[in-house]
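Worksheet: the structure to be examined is printed underneath.
The values are calculated or read from the model by the stated rules, or taken from the named source; none is laboratory data. For clarity, every value in this text was computed on a predicted model and none was experimentally measured. Ideal geometry is used to build each Cβ from the backbone, glycine not excepted, and the neighbour counts take in all protein chains shown.
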Amino acid sequence: MAHWNTIPSQLPRHFFHISIYLPDIHGKNIDITPIKHLAGKRIEFEYDPTQVVITRKNIWMNVKCDEAQKIKDMLGIVDKNFWGFHVTILNFKGL
């Protein structure tokens, strides 16, 4: 891998996505039956590409997605330390 005047980075492992349910954080025993009817449904979200967040591990953008919150509510997920819905653009993990 060669870089010229750039920041060494890599694409996120799962590419472009908005995480709603994460088994490692929310637990592996969540019943997804209430949302099975949503499989394949397109969901709209909004983001501002001029507002990026840069951390030592990655670069990401906040997204507004009312439908994602409704899905979390249907699953009964209540986050304690939730930073909000976001999209990871790139990361520095493993480099």
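Observations
- Strands (runs of 3 or more DSSP E) fully within the stretch 31-95 that include at least 1 residues being loosely packed, with under 11 Cβ neighbours inside 10 Å and acidic (Asp, Glu): 46-54.
- Number of positions in the stretch 14-46 that are of a type in the set (A, V, I, L, M), closer than 20 Å to TRP83 by Cβ and out of contact with any strand residue (DSSP E or B) (no Cβ under 7 Å at 6 or more places or on another chain): 5
- Looking only at the stretch 55-76, and only at residues there that are touching a residue at least 24 places away in the same chain (Cβ under 8 Å) and in contact with a Gly (Cβ under 9 Å, 6 or more places away or on another chain), the one that is farthest from GLU44 (Cα to Cα): ASN62
- Residue in the stretch 9-26 that is farther than 20 Å from ASN91 by Cβ, out of contact with any Cys (no Cβ under 7 Å at 6 or more places or on another chain), of a type in the set (Phe, Trp, Tyr) and at pLDDT below 90 present: yes
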